1. Consider only pairs whose beta carbons are under 9 Å apart and that are at least six residues apart or on different chains; among these, list those whose first residue lies in the range 131-142 and is in contact (Cβ under 8 Å) with a residue 12 or more places away in the chain and whose second residue is among the small types (Gly, Ala, Ser) and loosely packed, with under 14 Cβ neighbours inside 10 Å.
2. Can you spot a residue in the range 86-97 that is touching a Ser or Thr at 6+ places or on another chain (Cβ under 9 Å) and of a type outside the set (Asp, Glu)?
3. Kindly provide the set of residues from the range 28-64 that are basic (Lys, Arg), outside any loop (DSSP other than H, G, I, E, B) and closer than 21 Å to THR145 by Cβ, ordered by number.
4. Read through the list (1) surrounded by fewer than 14 Cβ atoms within 10 Å (Cβ to Cβ); (2) closer than 24 Å to LEU160 by Cβ, then give the number of the only condition that VAL104 fails.
5. Test each condition in (1) under 13 Å from the mean Cα position of the chain (by Cα); (2) of a type outside the set (Ser, Thr, Tyr); (3) at positive phi for ASP111 and report the one that comes out false.
6. What are the residues in the range 12-27 that are assigned to a helix (DSSP H, G or I) and surrounded by 13 or more Cβ atoms within 10 Å (Cβ to Cβ), if any?
7. Please pick out the residue among ARG46, ARG70, ARG55 that is more than 28 Å from ARG161 (Cβ to Cβ), among the charged types (D, E, K, R) and in contact (Cβ under 8 Å) with a residue 12 or more places away in the chain.
8. Suppose we keep only residues that are among the aliphatic types (A, V, I, L, M) and out of contact with any Cys (no Cβ under 6 Å at 6 or more places or on another chain) within the range 79-109. Which one would you say is nearest to GLU62 (Cα to Cα)?
Amino acid sequence: MALTVLPLDLARWDESSRDCLVLPVFKDDRPLRGAAGLADWRLCGRLSRLIASSRATSEQGETMLLPPGRRLRFNRVMWFGLGDAKGYTDDRFRQDLKWILGVVKKAGVADWSLQLPGRASGLIGARRALEIILEDKILVDQPITLLEDPAGQKDIAELLRSQRG
């Protein structure tokens, strides 16, 4: 299993250099939350300005490759529009992850960090999200670092311990 967990904390991001920061964003995530909000802060509001100018809409299927600037320790930032959050389901979560994985692989990303779709807005729990990932052999073997808040980290650690035991 190649999954690792990193706190949703800019200071911790600075300690761990990664190839790509993946930001899945819903149309109704305004202001930006979670990892996208922290990245926007570190980028001095660049993501918010893209949204305000309609250059980023978060429509389902939208993708953008962005430079990380000097303030993010990633080689690149990838934005994924997820559309409306309303009615977000486990099936849609699976579809979004497969789509993101496909784009990331085509881009030749070596290792990537992301806050899972729906986690920033509480549409899916950390434990349930990880259960879905563990069901998919392809996702489990990806070099993914999950960005999680303390409660999510605890849920993930408990689930991984139960999987080993």
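1. VAL140/ALA2; ASP141/ALA2; GLN142/ALA2
2. Our first condition is that a residue be touching a Ser or Thr at 6+ places or on another chain (Cβ under 9 Å); within the range 86-97, this holds for 88.
Of the ones still in play, those that are also of a type outside the set (Asp, Glu) are 88.
Yes, the range 86-97 contains at least one residue that is touching a Ser or Thr at 6+ places or on another chain (Cβ under 9 Å) and of a type outside the set (Asp, Glu).
3. Taking the range 28-64 as the starting set, the residues that turn out to be basic (Lys, Arg) are 30, 33, 42, 46, 49, 55.
Subset that is outside any loop (DSSP other than H, G, I, E, B): 42, 46, 49.
Once the filter is applied, which keeps residues that are basic (Lys, Arg), outside any loop (DSSP other than H, G, I, E, B) and closer than 21 Å to THR145 by Cβ, the range 28-64 yields only ARG42.
4. (1)
5. (3)
6. The one that is assigned to a helix (DSSP H, G or I) and surrounded by 13 or more Cβ atoms within 10 Å (Cβ to Cβ): TRP13.
7. Details: ARG70 fails: in contact (Cβ under 8 Å) with a residue 12 or more places away in the chain; ARG55 fails: in contact (Cβ under 8 Å) with a residue 12 or more places away in the chain.
Residue meeting the stated conditions: ARG46.
8. Quick first cut of the range 79-109, residues among the aliphatic types (A, V, I, L, M) only: 82, 85, 97, 100-101, 103-104, 107, 109.
If we keep only those that are out of contact with any Cys (no Cβ under 6 Å at 6 or more places or on another chain) as well, we get 82, 85, 97, 100-101, 103-104, 107.
Details: LEU82: 7, ALA85: 15, LEU97: 14, ILE100: 11, LEU101: 14, VAL103: 11, VAL104: 13, ALA107: 15 Å.
Step by step, filter the range 79-109, then rank; the result is LEU82.
The values are calculated or read from the model by the stated rules, or taken from the named source; none is laboratory data. No experiment lies behind these values; they were computed from the predicted model shown. Virtual Cβ from ideal backbone geometry, glycine too; neighbours counted across all protein chains shown.
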